Amino acid sequence: MLKAARLRLGVIPDVRPGSASGIYRTEPQDCKEQAWFLNQVVEVFPGNSWTPESFLLTLLDMERDLGRTRASGDKRYGPRVIDMDLLLYGAAKSSSPSCLLPHPRMSRRAFVLVPLLEIAPDIHIDDVSVKSLLDRLKYRVEDNRIFQ
């Protein structure tokens, strides 16, 4: 499913693909009684025709096209076919409930920060390096598995 999502990202009009991290197996965070997830961070460069909100809506449409059904409440952290999050959009910041930027939980999640560090080691989130954010977390990486 990750490959299908990457392929779809590569054909969005006025969007240039960038780097992609390796694929990591990660243990569930909120709803522990489920299978591990596959996670990857992919860099894209939307052109001037895009806004963070319009790009996020496109990602949500892609999720739906790939078979994602959104659950609510506690079930929203349960098993899902695909989950495409907009982590950052350049230096843009947004407090809009429909498009929070930077992604509000990314700085607490090793499954986001480890692959992000792999493809963008110099990036900062709210003026803090990804490496520094990772240093604050209790996690470990074994092969391609992230435990947190």
*over 16 Å from the mean Cα position of the chain (by Cα), charged (D, E, K, R) and surrounded by fewer than 14 Cβ atoms within 10 Å (Cβ to Cβ), is that true of Asp61?*
no
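When residues of the range 97-115 are filtered for being part of a loop (DSSP other than H, G, I, E, B) and surrounded by 14 or more Cβ atoms within 10 Å (Cβ to Cβ), how many remain? Let's see the steps before the verdict.
Step one: of the range 97-115, the residues part of a loop (DSSP other than H, G, I, E, B) are 97-98, 102-105, 109.
Right, trim to surrounded by 14 or more Cβ atoms within 10 Å (Cβ to Cβ) and you get 102-103, 109.
Counting residues in the range 97-115 that are part of a loop (DSSP other than H, G, I, E, B) and surrounded by 14 or more Cβ atoms within 10 Å (Cβ to Cβ) gives 3.
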*Is it the case that the range 116-135 has a residue that's part of a helix (DSSP H, G or I), farther than 21 Å from Ala4 by Cβ and under 12 Å from the mean Cα position of the chain (by Cα)?*
yes
*asked:* Out of the residues in the range 14-53 meeting the condition of being free of Cβ contacts under 8 Å to residues at least 12 places away in the same chain and surrounded by fewer than 12 Cβ atoms within 10 Å (Cβ to Cβ), tell me which one is nearest to Leu88 (Cα to Cα).
replied: Lys32
_Selection status of Val130, in contact with a helix residue (DSSP H, G or I) (Cβ under 6 Å, 6 or more places away or on another chain), surrounded by 15 or more Cβ atoms within 10 Å (Cβ to Cβ) and either charged (D, E, K, R) or free of Cβ contacts under 8 Å to residues at least 24 places away in the same chain (or both)_ = yes
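Determine whether Met84 is touching a helix residue (DSSP H, G or I) at 6+ places or on another chain (Cβ under 8 Å), assigned to a loop (DSSP other than H, G, I, E, B), crowded, with 16+ Cβ neighbours inside 10 Å and at pLDDT 90 or above.
On the way: touching a helix residue (DSSP H, G or I) at 6+ places or on another chain (Cβ under 8 Å): yes; assigned to a loop (DSSP other than H, G, I, E, B): yes; crowded, with 16+ Cβ neighbours inside 10 Å: yes; at pLDDT 90 or above: yes.
Judged against the criteria, Met84 is a match.
The values are calculated or read from the model by the stated rules, or taken from the named source; none is laboratory data. Quick caveat: nothing in here was measured; it's all calculated off a predicted structure. Note that we place each Cβ from the backbone using ideal geometry, even for glycine, and neighbour counts take in every protein chain shown.
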